[in-house]
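The values are calculated or read from the model by the stated rules, or taken from the named source; none is laboratory data. These numbers come from a predicted model, not from an experiment. Reconstructed Cβ throughout: ideal geometry from the backbone, glycine too, with neighbour counts over all protein chains shown. Protein only, heavy atoms only, side chains kept; ligands, DNA and RNA dropped before computing areas. Shrake-Rupley method; radii C 1.70, N 1.55, O 1.52, S 1.80 Å.
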Amino acid sequence: MFSAKYHRRIGFLLAGLLTAFIAVLAQAQQPKDFRTPPAGPEPGIHGPRVYGVRPGHPFLYRIPCTGARPMRFSARDLPATLQLDPNTGVITGMAPAKPGKYSVVLQARNHHGKTRRSLTIVVGQTIGLTPQMGWNDWYTYYGHISDTDVRTAARAMIDSGMADYGYQFIDIDDCWARKPNSNDPQTGGPVRDAQGRILPNSRFPDMSALTAYIHSLGLKAGIYSSPGPLTCARYEGSYQHEQQDAAQFAQWGFDLLKYDLCSYSHVANTSQLAELQKPYRLMGGLLQHADRDVVLNMCEYGKGDVWQWGKQVGGNSWRTTGDLGLERGNSLPGFYRIGLANAELSEYAQPGGWNDPDYILIGMVGNARNQNAPARHTTLTPDEQYSYMSMWSLMASPLFFSGDMSKLDPFTLNVLCNPEVIDIDQDTLGRQARILRKTAQDLVLAKPLQDGSLAVGLFNLTEAPRTVSISWQDAQLTGAQRVRDVWRERNLGTARGSFSRTVAAHGVELVRLIPRHAKTGVSSAQLQ
Ligand code: GLA
């Protein structure tokens, strides 16, 4: 008679074979310009390996995990002040009062298998230890954003599977407040109450209920204001109400503030560095003393070389350029120009403070020059979209999709949701890729990763396929390197001295070079 253990083993073996078979079948059915292989039914935990929180503050983290539901989550060595919901994988509670590093092992199991991944919760003053990931409404809704749209986006973040890869923030941009001196019934009326508290417009009936809904999904909520009297779209700003507004945003339950310079230049001489820094220092300080963690996303378009001082004034990220959606591009699409400018600033990115080259505009996306026009499908080619996402990830950029969450298509998700690409963005070392080579024809970016491997993007800037290479000498590499094709999640063998690939027009090949004998974050199964 065979033992129960034997039966279990056979069961696991068959389930494994079935899973592999389904994966091969699913991959064979993908259109050929899709690069990311479909996720299997077995559990796969993704997202950052390190997460910062201030002592004693509310904690919220939804374990990003692909695979068939129902799923059962557990965590080893979770601090006693935190609780994990075993069905949803959402961790809530209060961060420990004692600063330090808490090493937790996250575990997930379903009918197809089980997996684990470590997460270090770092309790201290630095938050945003890896670049923020999420969605921002601006390039879809502009002046029309409403509570319903935000809820729809939050729901879609879960239902589309994006949250299973680490997308977490649902950010409201401009146009939620009221508009001074407006006769519009939706946005008019007093901009503040008798106590001076800022009031949302009628499209946002209850901000606390909105953030509670977002939090109930295990996601985080972001809001927007300006240090000037008016926002860029001429809604009420925070000028001379900074303390009240910071308190209000925290009390409503927001987890991120985008603070956009806009009309501040009308009330201060922002060509002087001290004047430019002043409102950010003020808001940064106020948020650091709030009773919840609020990430500060500075938006002042790179003025005064913000990358040199953004972190000191309390920023967790800072826009380095103007609006990507307004960028016209030339022979290369606009994201390349913005990306190339941002790529020059690699030495300034660090855990807790990131260069922000603006949002990811793919999928169905509105027109920044004609904001009332209906959203249209991006005109970027598939290769350009993979270049965009690769460049942003190599640059450790915040990853905010800003297309329509209610009209996500499989290709857009294929670009946004590759776990190995996201691992590069979220790498614990927190380094931004350096430019190894930049000519009129090609660009090579290289990002050192925590495990000693090197992520390399080989970009073709021309309009025809072209061979792009990296030489070990330029990258200060030695010896044999295992080469992993990151997008296709495939190993390409071993290279010595240099590595070359044919790259499509305006496209990219993204590889990870792993020293032959190194222990790496890429699992041995991936490297076989
Ligand atoms: C500026 C910012 C954009 C967006 C708009 C809103 O242009 O750069 O990202 O927030 O304001 O009005």
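Listed highest first by mean packing, meaning other Cβ atoms within 10 Å per residue, what order do 320-332, 238-250, 374-386 come in?
Working: 320-332: 15.5, 238-250: 20.0, 374-386: 17.2.
Highest mean packing first, the order is 238-250, 374-386, 320-332.
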Take the alpha carbon atoms of the range 32-77, find their center, do the same for the range 283-322, and report the distance between the two centers in whole angstrom. 27 Å
Simple label model, 7 Å out from Cα along Cβ direction - Arg434 to Gln312, nm: 2.4 nm
Within the chain, which complete DSSP H helices have Cα atoms spanning at least 20 Å along the helix axis and a mean Kyte-Doolittle hydropathy of -0.5 or higher? 4-29, 273-288
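About the Cα centre of the range 261-333, what is the dipole size in debye to 20, counting +1 per Lys and Arg Cβ and -1 per Asp and Glu Cβ, all else neutral? Each step should come with its number before you reach the end.
On the way: 7 positive and 7 negative charges, 13 e Å.
Magnitude of the dipole: close to 60 debye.
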With label points built 7 Å along Cα→Cβ from the Cα atoms of Asn181 and Ser331, find their separation and express it in nm. 4.9 nm
Taking 0.36 nm per residue of sequence separation and subtracting the Cα-Cα distance, how much length would be gained by fully extending the chain between Arg516 and Ala68, in nm to one decimal? 157.9 nm
Accessible-area order for Arg35, Arg234, largest to smallest, probe 1.4 angstrom, reads Arg234, Arg35
Multiplying the sequence separation of Gln30 and Val267 by 0.36 nm and subtracting their Cα-Cα distance, what value in nm do you get? 79.8 nm
Using 0.36 nm per residue, how much length does the chain from Ser406 to Gln450 gain when fully extended, once their Cα-Cα distance is taken away? 12.3 nm
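Accessible area of the range 283-399 with a 1.4 Å probe: how many percent of it is carbon plus sulfur?
Values: 1770 of 4090 Å².
The nonpolar share, carbon plus sulfur, comes to 43 percent.
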Identify unpaired cysteines across the chain, taking unpaired to mean no other cysteine Cβ lies under 4.7 Å from the residue's Cβ. Cys65, Cys175, Cys299, Cys417
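With a cut-off of 8 Å between alpha carbons and a minimum separation of six or more residues, what is the relative contact order of the chain in percent? Can you show the working numbers first?
Numbers: 1237 pairs, mean separation 61.6, N = 528.
Relative contact order comes out at 12 percent.
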Looking at this model, which pairs from Lys258/Lys407; Lys303/Lys407; Lys220/Lys303; Lys220/Lys438; Lys114/Lys311; Lys101/Lys278 are more than 31 angstrom apart at the alpha-carbon? Lys303/Lys407; Lys220/Lys438; Lys114/Lys311; Lys101/Lys278
Once phi for every residue in the range 473-489 is put through the Karplus expression 6.51 cos²θ - 1.76 cosθ + 1.60 (θ = phi - 60°), the whole-Hz ³J(HN,Hα) values, with Gly and Pro written as x, are 4, 5, 9, 6, 9, 9, x, 7, 10, 6, 10, 10, 7, 5, 4, 8, 6
What spacing in nm lies between the two simple spin-label points modelled at Thr92 and Thr494, each 7 Å away from Cα in the Cβ direction? 5.2 nm
Across the Cα atoms of the chain, what radius of gyration and what greatest pairwise Cα-Cα distance (Dmax) are found, in Å? 23.2, 86
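Excluding ligands, DNA and RNA, what is the solvent-accessible area per residue of the chain at a probe of 1.4 Å, expressed in Å²?
Accessible area per residue, the chain: 41 Å².
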So how much accessible area does Tyr141 have, in Å² to the nearest 10, using a 1.4 Å probe? 40 Å²
Which order do the peptides 461-472, 112-123 take when ranked by the mean count of other beta-carbon atoms within 10 Å per residue, highest first? 112-123, 461-472
For peptides 300-312, 81-93, sequence by mean Cβ density within 10 Å, most packed first: 300-312, 81-93
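Applying 1/(1 + (r/R0)^6) with R0 = 41 Å to the Cβ-Cβ distance of His289 and Asp485, what FRET efficiency is obtained, to the nearest 0.05?
Working: r = 47 Å, r/R0 = 1.14.
Calculated value: 0.30.
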